[in-house]
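Here's the structure we're looking at; comments come further down.
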Ligand SMILES: Cc1cc2nc3c(=O)[nH]c(=O)nc-3n(C[C@H](O)[C@H](O)[C@H](O)COP(=O)(O)OP(=O)(O)OC[C@H]3O[C@@H](n4cnc5c(N)ncnc54)[C@H](O)[C@@H]3O)c2cc1C
C-alpha cells in the first residue's frame, strides 16, 4: 500500500504488516477503516456551528454570569470546561474535522444523573442552548453547539450480568470498551465497527455492524434506558414504564428526547467467528457488485458481508467484499467459493480465518495491533487514533439494483478518481436483512426494516488536499444523490447529513408523526432542538 487515502488510513490505524493477504485483511477495518478516514496532521477544528444557538423556546431569561457558571461547576460531580481553560480546545473536538467550529460556553463532563439534571436546570434558567454528547461522532456536529454541551463520557461503566444475559452500559462508553468488557464474559451485543463511537449516539439512531444480520440492530437489543428529560426529571424507560419513549429511542435518532445516561441491552453467547476478505481488480467491479446484491439477501443470518468500491489515491480504484460468519471456517469457505463463482471473476487476494470475538471486533475496528487503551481517539486517555475530515451521504438498497444503476455508480467513482486522484473516496454497501427484517415495521422507530443493505458514500481529505479536490468530492456526493440514490430509499440517521433535502422522511419514513407525538410528550418546549431534530409537529 502506498499513497493517498490508504496511506492515511494506515497512519490512522497503525496496522501490523505481516503476510500480504492477512495484512490487507487486517488493514481494512471493515467499512470505516477502509474509507480512508483518519487524517494525520489535519487541522483541528472544533464543534459544529450548524446548530442554532438556541431554540425558539430558550430565549435567555437571565444570562448566566461568571459567578453562576462557577456555581454550576462547583455543583457538579464531574467537571465543567469553559473558554480559557487549558482543556477547552481539546474538549471542543468532534470526530469529523470537516465540521465548522463553534464555541460552547461550557462543556459539562457529567458523572451522574444529578449532574445532567443540574445542567438542564441551569440551561432552562439562563436560556442557554443545550446538546448532549457521547462519543462525538455526529457527522453534522449536532453534539456540540455555542451553549452548554452535556458530555456523558464520565458515565462509562459496563456491568455484564450473566444471570440475566443483560449488560448495563454507561452512556459515555465507547464501543471498544463495551466489546472488551463483554468479551471477558464470552458475551456480545451487536453494534458498530468504529471503536471510538459512543454507545448512546449509535444506539439511538439504530446501530448497524458485522453481527447485525444474526442478532439485529443495536437498538433492537436495547431493553431499558435511564433518561433525564429537559425538565430535569430522571426516568427509567422500558417496555413497562414509558414504553413510547423506548420505542422512540430505538432508532429515532440521538439528541431528540432527553439525555440518556444508561442503557441496558440483551447479550448473547459469543459463537465461533470467521472473517473473510476478497479483493478484486476494478475491471470486475460491475460483476462483483451485481453478484453481491443478489447473493447477500439469500444467505442465512449467520453471514454478514459488505461490498466496498474504493478510490484510494495512488492505489487507484478497487473493489472488495468482506464479512463475518457466525460459524466455522470450513462452512464459510464453501459459501465464499460460491460467491466467487457467481461473480465470474478471480479475486486478486482471498482470506478466510477464525478469530475470537475481541480480536474480530478489533480487526473490524482497524485496531488489531493496538492495546484497548490505545484504541481510542487521541486526547482520550492513552488513545492514539486520529480524527478525520470527511463528508458523506447515505441511502439504502431496497432491492438489487439494475445493471444501469450499478454502471452509473461505478462511472461516477471513476470520474471522481480521474478528476481528484489524491482524494480518498468510497461507496460502501453493508448488508442488512436477516434479524433486522424480522422486527415489525412499527415495533421501533427505526424505519428501514425491508432494506437489504445500507449504503454510505464518503470522501475524506487532509490539510494537504487542494480545495479543488475537496470540491470534486462534494460534487461527486451531489451527483450520487441526484443520479444514483433514490430519495424514496431513505437515508440513515446515524449518518446524519446536514445537506439532505427531505431529511425527516428519509430518516424516519412513516414514523414521523409518531416521533413528533413522543417529542411533544418528552420535550414539549423543544429544548433539545437542532437543525435536524424531531419537530414538535410533523409537517402535514
Ligand atoms: C468513524 C465512524 C464510524 C462509524 N461506524 C458506524 C457503524 O459501524 N455503525 C453505525 O450504525 N454507525 C456508525 N457510525 C455512525 C455513528 O453511529 C453516529 O455518528 C452516532 O450518532 C455517533 O454517536 P456518538 O455518541 O459517537 O456521537 P455524538 O456526536 O456524541 O452523538 C450523536 C448524536 O446523538 C446525540 N447524543 C449523544 N449522546 C447522547 C445521550 N447520552 N443522550 C441523548 N442523545 C445523545 C447527540 O446530541 C447527537 O445528536 C460511525 C461514525 C463514524 C464517524
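Please treat every number below as a calculation from the coordinates, not as lab data. Given the structure is predicted, the values throughout are model-derived calculations rather than measurements. Note: ideal-geometry Cβ built from the backbone for every residue, glycine included; neighbour counts use all protein chains shown.
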Highest mean first, what order results for 262-273, 475-486 on Cβ atoms within 10 Å? 262-273, 475-486
Would any residue of the range 166-203 have its amide N under 16 Å from a label point 7 Å out along Cα→Cβ of residue 87? List them or say none. 172-173
If R0 = 25 Å, then residue 67 and residue 525, at their Cβ-Cβ distance, give a FRET efficiency to the nearest 0.05 of 0.45
May I ask you to sort 166, 213 by Cβ crowding, counting other Cβ atoms within 10 Å and putting the fewest first? 166, 213
Fraction of beta bridges assigned by DSSP in the chain that are antiparallel (%, nearest 5): 90 percent
Cut-off 20 Å (backbone N to label point 7 Å along Cα→Cβ of residue 517), residues of the range 426-455: 440-449
Within 10 Å of each residue's Cβ, count the other Cβ atoms and sort 402, 395, 156 from fewest upward. 402, 156, 395
The simple spin-label model distance between residue 244 and residue 112, using points 7 Å out along Cα→Cβ, in nm, is 3.2 nm
Using alpha-carbon positions, what is the distance between the centroids of the range 457-491 and the range 209-287, in Å? 27 Å
Which order do peptides 328-336, 89-97 fall in by mean Cβ count within 10 Å, highest first? 89-97, 328-336
Mind checking the full-extension length gain between residue 488 and residue 398? Use 0.36 nm per residue of separation minus the Cα-Cα distance, one decimal, nm. 31.4 nm
What FRET efficiency comes out for the pair residue 74/residue 234, r = Cβ-Cβ distance, R0 = 30 Å, nearest 0.05? 0.90
Test of understanding: what is the full-extension gain from residue 501 to residue 478, defined as 0.36 nm times their sequence separation minus their Cα-Cα distance? 7.2 nm
Once fully extended, how much extra length lies between residue 471 and residue 185, figured as 0.36 nm per residue of separation less the alpha-carbon to alpha-carbon distance? 98.2 nm
Dividing the helical contributions, -39500 (n - 2.57) per DSSP H run of n ≥ 4, by the residues of the chain yields a 222 nm value, nearest 500 deg cm²/dmol, of -8500 deg cm²/dmol
So what is the relative contact order for the range 56-151, in percent, with contacts set as C-alpha pairs under 8 Å and at least six apart? 35 percent
Just want the ordering: 375, 326, from fewest to most Cβ atoms lying within 10 Å of their own Cβ. 326, 375
